[in-house]
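My questions will all concern the structure given below.
What follows is calculated from the coordinates using simple rules that are stated; it is not laboratory data. None of these values were measured; they are calculated from a predicted model. Counting neighbours? That spans all protein chains shown, and the Cβs are built from the backbone with ideal geometry, glycine included.
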Amino acid sequence: MSAPLLSAETLRAEGVAHGFFTRRGGVSAGVYASLNGGVGSRDAPEAVLENRARIAAALGVAPERLAVPYQVHSPDAVAVAELWAPDARPRCDGIVTAAPGLALGVTGADCGMILFADSGARVVGAAHAGWKGALTGVIEATVAAMERLGARRETIAAALGPCIAQRSYEVGPEFVAAFAEAGEDTRRFFVASRRMGRSMFDLNGYIAERAARAGVGRFEDLGLDTYADEDRFFSYRRTTHRKEHDYGRLVSAIVLT
């Protein structure tokens with residue numbers, strides 16, 4: 001059995017399969033219902049493995065050909081040609097390959113999950129970009145890693161999957177200050193909240209801006225809010241507001257066929 005998925009027009013190309021998976025179509029229960037792909041969650045490990053097997057099947061690969069790194073909100077990206085051992089996942093937030101049949105995945109539950117493809121050069125990539133990773137350069141690092149494998153920036157297509165939208169993403173003044181200290185124009189990505197001293201952050205817009213700076217040829221935002229759409233998406237922030245004990249993780253993945 002395979003899991004249902006969302007796709008991006010920008011990434012539809014011969015020789016490339018991809019999917020932005022929702023929380024539907026899995027075997028997990030409770031707060032993890034049902035397609036929880038997070039090995040770092042406290043969900044039953046056997047349920048997560050079955051969920052990932054369904055994700056792999058939807059992409060046309062075996063479960064052992066789905067590579068998801070140990071994400072640490074970093075600006076680091078690595079190139080892989082083979083799947084690593086279970087206890088040797090690289091600690092990074094961008095991953096790229098030119099190896100056919102090796103699916104690259106990232107997880108998220110509000111953070112941006114971005115899939116990349118240069119179908120002509122036969123290079124694909126995936127990146128996990130929360131505010132910290134985006135601010136410190138994970139998108140640019142992923143593009144640069146693809147370039148080292150033969151991709152060209154101007155022919156790379158990228159798509160941003162479900163993530164938390166500005167209307168749902170309230171932050172404090174220290175958050176805005178971090179962007180200002182990095183030299184960003186905060187007027188472009190923050191608007192005043194209804195609560196005094198708070199702001200609403202446009203993660204989607206900021207990711208699009210960083211993709212443009214990286215020279216990506218085509219960029220698409222699916223425009224789906226993880227926080228607002230509980231039926232389809234997990235959300236770390238929604239779970240935190242409800243004081244739930246844990247949360248599931250969405251998976252987005254891409255593979256050269």
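Once the other residues with Cβ under 10 Å from the Cβ of ARG23 are scored (Lys, Arg +1; Asp, Glu -1), what is the net sum?
0
Using the alpha-carbon centroid of each, what span in Å lies between region 149-188 and region 13-33?
Comparing the Cα centres of region 149-188 and region 13-33, I get a distance of 24 Å.
Could you put LEU160, LEU83 in order, starting from the residue whose Cβ has the fewest other Cβ atoms within 10 Å?
Sorted ascending by nearby Cβ count, the order is LEU83, LEU160.
Excluding ASP43 itself, calculate the net charge of residues whose Cβ lies under 11 Å from the Cβ of ASP43, where each Lys or Arg counts +1 and each Asp or Glu counts -1.
-1
Taking springs between alpha-carbon atoms closer than 10 angstrom, which of ARG213, ARG153, ARG195 fluctuates most in the Gaussian network model of the chain?
ARG195
Once the Cα atoms of region 1-131 are picked out, what are the Rg and Dmax in Å?
Reported Rg and Dmax, both Å: 14.0, 43.
Would you calculate the convex hull of the Cα atoms in the chain and tell me its volume per residue in Å³?
Each residue corresponds to 114 Å³ of Cα convex hull volume.
Under a 5 Å amide H to amide H cut-off, with H placed in plane at 1.01 Å, what residues pair with SER119 once short-range neighbours are removed?
ALA157
Tabulate in residue order the Karplus-calculated ³J(HN,Hα) for region 4-17, using 6.51 cos²θ - 1.76 cosθ + 1.60 with θ = phi - 60°, rounded to whole Hz; enter x for Gly and Pro.
x, 8, 9, 10, 10, 4, 4, 9, 7, 8, 4, x, 10, 10
Taking H as built 1.01 Å from N, whose amide H comes closer than 5 Å to the amide H of PHE219, not counting residues under 5 places away?
ALA158
Apply the Karplus curve 6.51 cos²θ - 1.76 cosθ + 1.60, θ = phi - 60°, to the phi angles in region 161-166 and return the couplings in whole Hz, x for Gly and Pro.
For region 161-166, the Karplus curve yields x, x, 7, 6, 8, 4 Hz.
Give me the one-decimal Kirkwood hydrodynamic radius in Å for region 147-257, with the sum taken over alpha-carbon pairs.
Evaluated on region 147-257, it is 16.0 Å.
Another question, then. Over the chain, what is the percentage of antiparallel beta bridges among all DSSP beta bridges, to the nearest 5?
On the way: 32 of 43 bridges.
Looking only at bridges with both residues in the chain, the antiparallel portion is about 75 percent.
For every helix of n ≥ 4 consecutive DSSP H residues, a contribution of -39,500 (n - 2.57) applies; sum these over the chain, divide by its total residues, and give [θ] at 222 nm rounded to the nearest 500 deg cm²/dmol.
Roughly -7000 deg cm²/dmol at 222 nm, from the helical runs in the chain.
Have a look at the DSSP beta bridges in region 109-257 and tell me what percent are antiparallel, nearest 5.
Counting only bridges with both partners in region 109-257, antiparallel ones make up about 75 percent.
Hey, in the GNM for the chain with a 10 angstrom Cα cutoff, which one of PHE189, PHE233, PHE20 fluctuates hardest?
Per the Cα network of the chain with a 10 Å cutoff, PHE189 tops the list.
Could you please report the charge total around TYR227, scoring K, R as +1 and D, E as -1 over all other residues with beta-carbon less than 15 angstrom from its beta-carbon?
-1
Another question, if that's okay. From the mean inverse distance of alpha carbon pairs (Kirkwood) and the Cα radius of gyration, derive Rg over Rh for region 69-130.
Rg/Rh: 0.95.
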